[in-house]
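These notes are about the structure you will find just below.
The values are calculated or read from the model by the stated rules, or taken from the named source; none is laboratory data. Keep in mind the model is a prediction, meaning the values are calculated, not measured. A quick note on method: Cβ atoms are made from the backbone with ideal geometry, for glycine too, and the neighbour counts reach across all protein chains shown. Areas reflect the complete protein model, heavy atoms only, side chains present, ligands, DNA and RNA absent. Shrake-Rupley method; radii C 1.70, N 1.55, O 1.52, S 1.80 Å.
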Amino acid sequence: QFSYCVVGVIMKLNEVRIKDFNFGDVDGSDESLEPKFQDLFYDEDSFYEKELSKKKKFIIYGRKGTGKTLLASYLNEKMRRNANQSSKIVSYDEYIYEKLKEFKYDSVKKEEQSLFWRYVFLQQFVDLIKKDYEYARFWQFYRKRKIKKLIESVTRQFLEVQQFINEDSTEIKNSGKFNSKISDLGAELQVNSSSGSTQKTTSIESPYFKKYKEIETEVLNYLKASSKVYFIFFDDMDRLEETMDLDEFIDLMISMIYGAQSLNRKIEGNSKIVLLLRSDILKLLFGKSGDVNKPITSGGIELIWYESNAAASDSPLIKMVLYKMSKSIDDNLPLSEIRRNFFPTKDTIFKYMMSRSFGRPRDIVSFFNIYKKKFPEDQKIVLNNMQRVEKEYSEWFYKEISNELKITGKFDEVDKLLKSISELGKYEFTYHKLFDFMQKRQGNTDELLELLTLLVQLGVLGIRLNTGNIEFRYRDYNIDKPVNIHTKFVVHYGLRKLLSISFNDDNEKNIIYQ
């Protein structure tokens, strides 16, 4: 038996208990604050880091809980330790909301909305450049003078932009109506008479748009001349949905993507704006703008933790857990050794947990942490005890689903539907069976198929295929199996304990982990 150091205490491997392992935190922001965060972070073969280094990649997306914040925190900290790199994370908090008010965003023409984002992005680059000044050595006189001059210049111009906005200095004096359309050089305004006929067309430039171009030129010239790489991660932007109606939010997100893409294209070198977005948010944008799918497709990196047709134990998700366990005991212990010592020889535990998740790190980490809290002295993770904590996990799992349901605007309706499914008590049912059941109890069935479709899209319900296999859509863009009144629905394994639905003789061998 070899000895290992666990939390500063030397002990043999057979003395290690489940309480000694750090499985991570369900909140990526909290986990990133842990002392050993960098060591515990798992990115197999640095895949995502290499992808993001590509010039055109600027969007990291995935389902809620797939580790977007964690990845950004890891890369941010790694870049901060490199003298030739500079990085920061901008969270929603109050910053963006305050900027929206400062920019008087509600009165900004729709065509100029991406200008707001480019304005915000440049401000963040200037903040990083200010740090260059702070960190410059005292003998770097020329460099410090150059940076100071830039900062003073753009700060003054930012104030001028704010003044232009506050004064609302652009006025078109005409008794008729006008339509506006932004161009690369400014706003082309068509002035119409009250009768509807066009009197004349003039091309003017919004004062703050002209000033913005001056700021952009100065900042981009600095980035071009600098030997450093600058990364700015924008996280939690989906929370802006709480401050406005859905249509405004969709327009805001679309303009943010276009604004980031436009500015990134102008930046020479590898510096860039990186957006962290939820997959369900991106789905809302499709169809709202003809070309928004292009920057998402070409510039996006999707966080995926499932491998099709792979044994559960070979999933990147399980490898992540084994990796964290190995690093928790301060040694380069092979993952195979962790698996052999702390899990049964078969895939039972891994398959059991995978089938009760959405294929996200957050789900698996939560399951393990609940187990750790209930059975801290266990030497192995065993199925019997895993089943004993499943009810608590199931309750947590539904709370996670609730967060995604709220943005659909159908939370109350879906909540009532799930209660009806619970009362039905069947892990598998057809549309007609549920419809008749709800009708007898005077339930509202007007939107039943629409709500069932929504639950399938979210992965809450699976579909029994004609082959007998069960498919759960853990990936947001898997829409190849249509839902109709003949579909056989299957309740997700992770919710059955909560809904008090018996597993009966159903087995999990036919699940497609996808």
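The figures follow:
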{"quantity": "Positions within the stretch 431-443 being modelled with pLDDT of 90 or more and over 33 Å from the mean Cα position of the chain (by Cα), in sequence order", "calculated": "His432, Lys433, Leu434, Phe435, Asp436, Phe437, Met438, Gln439, Lys440"}
{"quantity": "Filter result for Thr445 (in contact with a Phe, Trp or Tyr (Cβ under 9 Å, 6 or more places away or on another chain) and of a type in the set (Val, Ile, Thr))", "calculated": "yes"}
{"quantity": "Close pairs from the stretch 124-148: first farther than 15 Å from Tyr230 by Cβ, partner open to solvent by less than 80 Å² (accessible area, probe 1.4 Å) and not in a helix (DSSP H, G or I), Cβ under 7 Å, at least 6 apart", "calculated": "Arg143/Ala136; Lys144/Ala136"}
{"quantity": "Residue in the stretch 352-370 that is under 30 Å from Leu246 (Cα atoms), modelled with pLDDT of 90 or more, touching a Ser or Thr at 6+ places or on another chain (Cβ under 6 Å) and open to solvent by less than 10 Å² (accessible area, probe 1.4 Å) present", "calculated": "yes"}
{"quantity": "Total residues in the stretch 312-342, condition of a type in the set (Val, Ile, Thr), touching a residue at least 24 places away in the same chain (Cβ under 8 Å) and in a helix (DSSP H, G or I)", "calculated": "2"}
{"quantity": "Ile349 closer than 30 Å to Leu246 by Cα, open to solvent by less than 70 Å² (accessible area, probe 1.4 Å) and of a type in the set (A, V, I, L, M, F, W, C)", "calculated": "no"}
{"quantity": "Residue match in the stretch 420-434 (condition: surrounded by fewer than 18 Cβ atoms within 10 Å (Cβ to Cβ) and touching a strand residue (DSSP E or B) at 6+ places or on another chain (Cβ under 7 Å))", "calculated": "yes"}
{"quantity": "Qualifying residue in the stretch 53-71 (condition: assigned to a helix (DSSP H, G or I), open to solvent by 60 Å² or more (accessible area, probe 1.4 Å) and out of contact with any Asp or Glu (no Cβ under 6 Å at 6 or more places or on another chain))", "calculated": "no"}
{"quantity": "Residue list for the stretch 242-256, filter: farther than 30 Å from Arg81 by Cβ and either among the hydrophobic types (A, V, I, L, M, F, W, C) or crowded, with 19+ Cβ neighbours inside 10 Å (or both)", "calculated": "Met244, Leu246, Phe249, Ile250, Leu252, Met253, Ile254, Ser255"}
{"quantity": "Looking only at the stretch 371-400, and only at residues there that are touching a residue at least 24 places away in the same chain (Cβ under 8 Å) and not in a helix (DSSP H, G or I), the one that is nearest to Val16 (Cα to Cα)", "calculated": "Gln379"}
{"quantity": "Residues satisfying the stated conditions in the stretch 436-449, i.e. open to solvent by 20 Å² or more (accessible area, probe 1.4 Å), without any contact (Cβ under 8 Å) to a residue 24 or more places away in the chain and in a helix (DSSP H, G or I)", "calculated": "Asp436, Phe437, Gln439, Lys440"}
